[in-house]
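What follows draws every value from the coordinates through simple rules; no lab data is involved. These numbers come from a predicted model, not from an experiment. Don't worry about glycine lacking a Cβ; one is built from the backbone with ideal geometry, like all the others, and counts go over all protein chains shown.
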């Protein structure tokens, strides 16, 4: 059975691009539009990996990561954050919030799948 | 369609939304709002555009967005105050960004000089760059750069650290001790080992020596460490990149060395010290001379072989692959929705046919079939409403373009204008929205160019120098009503009348009411601008606006008060696909009159109908004289006139709040009908808006009430005189 990836991003473009890359790589994809929405769908989606953006309305990526790590059922789900090249501080903050790893935007589909493989069995 | 092409389309759509958000946010900030979320939303809009543009290699767009984003970042961090001038520059930058997005989408270039000038203006706002602006070397600060150390890569060559490397193959000894945090962040040792295994041949040894007895084990703790000997064609960077995500949460040594030898801990320590010393020396000199570090070769025992990828003590938790997808929205091709709407239209017709057949078959209204049909009708209507709702969109998408337009026109005319909007979320059919943009644009231009006075004249009239334009949308009796109001001088009636006379549109002695004079501006060939201005006078007059509104099945009217301003009101159908109509017969033909036009129906009494001169007749309804229009005669269904007392009069209101009474032979009933275009299937017919198919399968024409009324007014001039005489 294919693995499920939950993508959390307020940009439809980014969601579509992740969807394309991930479904081509054989993953099942569930989408959420911001952190709050991400936490809402978590239970139904039961993701194997989560990919999240940082700057989003309602609830940002940091809040979302903390939410997942504080959830008894999903605390062990690997979370990859989407960041831009220059965001050393943001990467660091995401890491401290409990992010498992990161993907640099604009992402290369091959690297994306590699990053997932690195954190998900 | 290629998936990436589709995503690119989505990107551009999203850009439009982001540009709208950006503009609204900046305008709200301009009004003095200081909500951090507003600033953040503005930042996010530009950041998203930059992000997507990067994915599609739209470099020009990325660069400008980047400069813009930097300044917004300062605004967000409070290093830059949101003053009026700053926001004005940002609004112009937002316009530039919009132009760049459109250029990227539609091809074609943008004004490079304007772009560079705005980019320079934006950079000038940068409080940090202000002192050291040297062009180009601005700091790369996209997000959260206000705190935290700046990491810079120090290039160090490890080439000379290798010991006797086999040709093309490297040997590494890796020692890896995870900290509890590594597991808390859902990283897994087994996966890291597996990744190492992919790089080449790995011999993995797990050290259990620190594992306590069961009672003392902390489930969140970390007790194991690993030694990996790796033979790979990859370099050290590739090896280290496996640990990229965990380097803070573990102790990691990657030592290039002989594969058959193990490095003991003390040796590693000394090696690290040497490496650190080397690195510090490099940092001090910022130069990378060749370094030679000998890895210890002696005192090493034989390796204990372990199998790759099976050394983890941290299996993944149970995470079944089941569960439902939880998307809040889906994207559907418009063609599919239109096809659905067409099918529902056919369903409506079919359902009407069934009802008709049932009646013809003589089945009682109370029969089970009739009840079933009633339910079917109800359901059909609900399906239709739901399907139409899919196509409905907020008018926001059109309203969003207006602030920019207002700024441009204001700049061109030298007027100061303040735009207020209301009802942006009012929903209407997508087609209506698309066709609304042009007339609305023209009305706004008109309101600023002709409606508002210059600041000097406003000041002289005791008004604030800043002129007001208010744009609003609301739903009213099954239609959408859009108003453009200005607080300008109002229609200059003597001048309008003089121009109309000069252009031969009316006679000099035509006794016109104020309202009728105002409506003269909708006549073809009328233009009040004394000098044809660049803005409104593009050969497009209000008559074109009126025609395009009419083509949408809408109406437009004007109310104006001298010195207080004018209000243009457009009323449009919510959809162009279905219509609630009254089915009537006229001279043996079946016609449908749009229900929205009808105010009431009545049976004319002999005493209330008055003729005066020629064929003009009026009907007195509650002390008002309303012109009586014989539809059969107007449409040339018959040469003579129907007897009003044997007919039914439909009191209708057409554009400009003009009331008329349409004379028809009989009313058959009310029905929802599916609109079929006559233009597409046949050709335009004067007085007819469209056609439909009735329950019995026959085609019926849908009356264009405004056109019929307008036609009869031309023919029956003199009514105005009558009204004037009657008082």
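Observations on the structure shown:
- What the Cα convex hull of segment B:168-219 gives, in volume per residue, is 100 Å³.
- When all alpha carbon pairs of segment B:553-709 are counted in 5 Å bins from zero, the resulting P(r) reads 2, 9, 18, 20, 19, 14, 9, 6, 2, 1, 0, 0 %.
- Overall shape of segment B:449-517 was characterised from the C-alpha gyration tensor. The equivalent ellipsoid obtained from it has semi-axes of 27, 23, 9 Å, in decreasing order.
- Once the Kirkwood radius over Cα pairs is known for segment A:39-88, the Stokes-Einstein relation at 4 °C and 1.567 mPa s delivers a diffusion coefficient of 113 µm²/s.
- Residue B:17 versus residue B:636: modelled label distance in nm, points set 7 Å from Cα along the beta carbon direction: 5.2 nm
- When segment B:568-653 is reduced to its Cα atoms, the Kirkwood hydrodynamic radius in Å: 14.5 Å
- Principal semi-axes of the equivalent ellipsoid, √(5λ) from the alpha carbon gyration tensor of segment B:33-111, are 24, 13, 9 Å from largest down.
- For chain A, projected area of the alpha-carbon convex hull averaged over all directions, nm²: 6.6 nm²
- Using distinct alpha-carbon pairs, which all enter the 1/r mean, Kirkwood radius of segment B:660-714 in Å: 12.5 Å
- Gain upon complete extension [residue B:370, residue B:681; 0.36 nm per residue less C-alpha separation]: 108.5 nm
- The orientation-averaged projected area of the convex hull spanned by the Cα atoms of segment B:424-484 comes to 5.1 nm².
- Antiparallel %, DSSP beta bridges [both residues in segment B:358-483], to 5: 55 percent
- Whole-angstrom Cα spans of segment A:63-121 along principal axes, big to small: 32, 28, 12
- Extending 7 Å from Cα along the Cβ direction at residue A:114 and again at residue B:516 yields two label points whose distance is 8.1 nm.
- Shown here are the Rg and Dmax of the Cα trace of segment B:350-476, at 24.7, 77 Å.
- Each peptide in B:595-607, B:424-436, B:59-71 receives the mean, over its residues, of other Cβ atoms within 10 Å, and ordering these scores from highest gives B:59-71, B:424-436, B:595-607.
- Gyration tensor analysis over the Cα atoms of segment B:629-678 returns equivalent ellipsoid semi-axes of 20, 16, 13 Å (largest first, whole Å).
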